[in-house]
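Asks: Just dropping this structure here.
The values are calculated or read from the model by the stated rules, or taken from the named source; none is laboratory data. Keep in mind the model is a prediction, meaning the values are calculated, not measured. Here Cβ is always computed from backbone atoms with ideal geometry, including for glycine, and neighbour counts include all displayed protein chains.
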Amino acid sequence: MEVDLKENERIDDLQRNHYRIIQNPEKFCFGMDAVLLSGFARVKEGECVLDLGTGTGIIPLLLSAKTKASYLTGLEIQAESADMAARSVAMNGLENKINIVQGDIKEAGAIFGAASFDVVTCNPPYMIGQHGLKNPDAPKAIARHEVLCTLEDVIGQAAKVLRPGGKFFLVHRPFRLAEIMTTLVKYRLEPKRMQLVYPFVDKEPNMVLLEANRGGKSRLTVEKPLIVYEEPGKYTQEIYDIYGY
């Protein structure tokens, strides 16, 4: 299905199942963190998935291509991003598999009801407070800074909408790892898997991928580090595999 593009919008090829996505580089485009989260998440056949703060729908689109989820929902507060996501779903003919809902993460439990999903994913805003913000209402600021929701909002609502034993997958920054872990445990989302992402083998990690289970027992597996670049401009084979190149 062809769609009409609005000002400054473009269509990008996702290199998966011939899927494409509508983006506006003047507002916000998905980054590697979303792609890595889609590769880290484990979704079983027939499971229902919710992506909190879906932006332009990148994670539901990729999970639709990579998994046998029965249904995927993306929740996004910004009307413009939600509209782009919905048009991308229609462009790929996925209306029967992916639903985009415009709404607030802080109200996810009220919107969808308790224990509604098997899997929840989230690539949330990483930065705390107003530091470095020139326009807190700008789409990029909302995506990157905790302007409209906090880490605790995300984790608390994920716990509400997950079924017992359900899985929560999160990508975040290592400098907030202690806070992330304590907040997960507070809401009875037990950390089960963790993987640190390094830009180069000799650099500090700049991302962390986490899986937590609702009501799970205390046991954490730390997976081998994921290295992004072999050398400047050249991905490692693991990254190429995740992207599907």
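Asks: Of the residues ASN135, ASN96, which single one is surrounded by fewer than 16 Cβ atoms within 10 Å (Cβ to Cβ), at pLDDT 95 or above and out of contact with any strand residue (DSSP E or B) (no Cβ under 7 Å at 6 or more places or on another chain)?
Replies: Testing whether each residue is surrounded by fewer than 16 Cβ atoms within 10 Å (Cβ to Cβ), at pLDDT 95 or above and out of contact with any strand residue (DSSP E or B) (no Cβ under 7 Å at 6 or more places or on another chain) leaves just ASN96.
Asks: Something else now. Among the residues that make up the stretch 78-95, is at least one of them in contact with a Leu (Cβ under 8 Å, 6 or more places away or on another chain) and part of a strand (DSSP E or B)?
Replies: The answer is no; no qualifying residue exists.
Asks: Here is a further query. Say we look at the stretch 219-245 and pick out the residues that are touching a strand residue (DSSP E or B) at 6+ places or on another chain (Cβ under 6 Å) and among the polar types (S, T, N, Q); which of these is modelled with the lowest pLDDT?
Replies: THR236
Asks: Does VAL49 satisfy being closer than 20 Å to ARG193 by Cα, touching a residue at least 24 places away in the same chain (Cβ under 8 Å) and either of a type in the set (Lys, Arg) or in a strand (DSSP E or B) (or both)?
Replies: Yes, satisfied.
Asks: Answer yes or no as to whether SER70 is farther than 28 Å from TYR229 by Cα and either touching a Gly at 6+ places or on another chain (Cβ under 8 Å) or buried (at least 24 other Cβ atoms within 10 Å of the Cβ) (or both).
Replies: Against the criterion (farther than 28 Å from TYR229 by Cα and either touching a Gly at 6+ places or on another chain (Cβ under 8 Å) or buried (at least 24 other Cβ atoms within 10 Å of the Cβ) (or both)), SER70 qualifies.
Asks: Also, quick follow-up: Going residue by residue through the stretch 113-126, is there one that turns out to be surrounded by fewer than 18 Cβ atoms within 10 Å (Cβ to Cβ) and at pLDDT below 95?
Replies: yes
Asks: Here is a further query. Would you point out the residue of the stretch 202-219, among those that are touching a helix residue (DSSP H, G or I) at 6+ places or on another chain (Cβ under 9 Å) and surrounded by fewer than 17 Cβ atoms within 10 Å (Cβ to Cβ), that is nearest to ASN17 (Cα to Cα)?
Replies: Restricting to residues being touching a helix residue (DSSP H, G or I) at 6+ places or on another chain (Cβ under 9 Å) and surrounded by fewer than 17 Cβ atoms within 10 Å (Cβ to Cβ), the top hit is ASN206.
Asks: May I pose another question? Got at least one residue in the stretch 50-63 being more than 20 Å from ASP104 (Cα to Cα) and among the charged types (D, E, K, R)?
Replies: Narrowing the stretch 50-63 to residues more than 20 Å from ASP104 (Cα to Cα): 61-63.
Filter once more, so that each one left must be among the charged types (D, E, K, R): none.
No: the stretch 50-63 contains no residue that is more than 20 Å from ASP104 (Cα to Cα) and among the charged types (D, E, K, R).
Asks: Name, by its number, the condition in (1) part of a helix (DSSP H, G or I); (2) touching a Lys or Arg at 6+ places or on another chain (Cβ under 9 Å); (3) hydrophobic (A, V, I, L, M, F, W, C) that does not hold for VAL3.
Replies: (1)
Asks: Then there's this: Please go through the stretch 178-191 and pick out each residue that is among the β-branched types (Val, Ile, Thr) and surrounded by fewer than 17 Cβ atoms within 10 Å (Cβ to Cβ).
Replies: Selection gives THR182, VAL185.
Asks: Step by step: first the residues of the stretch 178-203, then only those that are assigned to a helix (DSSP H, G or I) and under 17 Å from the mean Cα position of the chain (by Cα), then the one that is nearest to SER218 (Cα to Cα). Which residue is that?
Replies: Only one residue tops the list, namely LEU184.
Asks: A further question follows. Considering only residues that are over 11 Å from the mean Cα position of the chain (by Cα) and not in a helix (DSSP H, G or I), look in the stretch 57-75 and name the one that is nearest to TYR243 (Cα to Cα).
Replies: Restricting to residues being over 11 Å from the mean Cα position of the chain (by Cα) and not in a helix (DSSP H, G or I), the top hit is THR67.
Asks: Another one. (1) modelled with pLDDT of 95 or more; (2) out of contact with any strand residue (DSSP E or B) (no Cβ under 7 Å at 6 or more places or on another chain); (3) closer than 23 Å to LEU63 by Cβ: which one isn't true of GLY165, the others all being true?
Replies: Every condition holds for GLY165 apart from (2).
Asks: Those residues that are surrounded by fewer than 22 Cβ atoms within 10 Å (Cβ to Cβ) and outside any helix (DSSP H, G or I), I need them from the stretch 153-177; list them, please.
Replies: Hits for the stretch 153-177 are ARG163, PRO164, GLY165, ARG173.
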